[in-house]
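Chemist: Before anything else, here's the structure in question.
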Amino acid sequence: MRLDLIGPLVVTEKSCLLKDSLGKISIFAPVSATKKQVRSLFLERFKGIKILAVNSVLTCGKSKRFKGKSGKRSDKKKFILTIDGGSQLDLSRL
């Protein structure tokens, strides 16, 4: 299984509130990633945690213009993992 499938953490105001209040972690991953792959990779990398749910959001890339030429930003997939409240997670290992 590919360990590089898990991308960087999403650091926004909303994701920080979700992390602090509800124990949800938001990460970016390739569009081809599935919920099962992300769940198994997280359980493999962080032993002893319990993942209650995995939700995914596919965001389509915006159309942009630069110097009169049209372009498109790449699509992204965001996964929101709900971690059990008793589990401690060291995000520096991500």
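Chemist: In degrees between 0 and 90, to the nearest 10, how far off the longest principal axis of the chain does helix 35-45 point, with axes built from Cα atoms?
Modeler: Long axis of 35-45 versus the principal axis of the chain: about 50 degrees.
Chemist: Here's another thing I want to ask about it. Which entries in Lys24/Lys72; Lys14/Lys36; Lys36/Lys72 show an alpha-carbon gap greater than 27 Å? Kindly include the intermediate steps, with their values, before the conclusion.
Modeler: Working: Lys24/Lys72 30 Å; Lys14/Lys36 24 Å; Lys36/Lys72 29 Å.
Exceeds cut-off: Lys24/Lys72; Lys36/Lys72.
Chemist: While we're looking at this one, here's another question. Label-point separation (nm) for Phe28 and Leu52, each offset 7 Å from Cα along Cα-to-Cβ?
Modeler: So the label points at Phe28 and Leu52 sit 2.8 nm apart.
Chemist: At a threshold of 8 angstrom on Cα-Cα distance, excluding pairs fewer than six apart, so keeping six or more, what relative contact order does the chain reach in percent?
Modeler: Values: 138 pairs, mean separation 29.3, N = 94.
With pairs under 8 Å counted, the relative contact order is 31 percent.
Chemist: Leu9 to Leu43: extension gain in nm, 0.36 nm per residue of separation minus the Cα-Cα distance?
Modeler: On the way: separation 34, 0.36 × 34 = 12.24 nm, distance 1.64 nm.
Result: 10.6 nm gained on full extension.
Chemist: Return an integer: the convex hull volume of the alpha-carbon atoms of the chain, in Å³ per residue. Could the numbers behind the result be given before it?
Modeler: On the way: hull volume 10.7 nm³, N = 94.
Here the figure is 114 Å³ per residue.
Chemist: To the nearest 500 deg cm²/dmol, what mean residue ellipticity at 222 nm is calculated for the chain from DSSP H runs of n ≥ 4 alone, each contributing -39,500 (n - 2.57), summed and divided by the residues? Show your work: numbers first, answer last.
Modeler: Numbers: 2 runs with 21 residues, N = 94.
For the chain, the value works out to -6500 deg cm²/dmol.
Chemist: Can you run phi through the Karplus equation (6.51, -1.76, 1.60; θ = phi - 60°) for the stretch 70-82 and list ³J(HN,Hα) in whole Hz, with x for Gly and Pro?
Modeler: 7, x, 9, 6, 6, 6, 10, 10, 10, 10, 10, 9, 9
Chemist: Another one. Can you give me the angle between helix 13-22 and the longest principal axis of the chain, using Cα atoms only, in degrees from 0 to 90, rounded to the nearest 10?
Modeler: So the helix axis and the longest Cα principal axis differ by about 20 degrees.
Just so you know, all these numbers are worked out from the coordinates, no wet-lab data involved. The model shown is predicted, which means the values in this text are computed figures rather than measured ones. Using ideal geometry, Cβ is built from the backbone for each residue, glycine included, and neighbour counts are taken over all protein chains shown.
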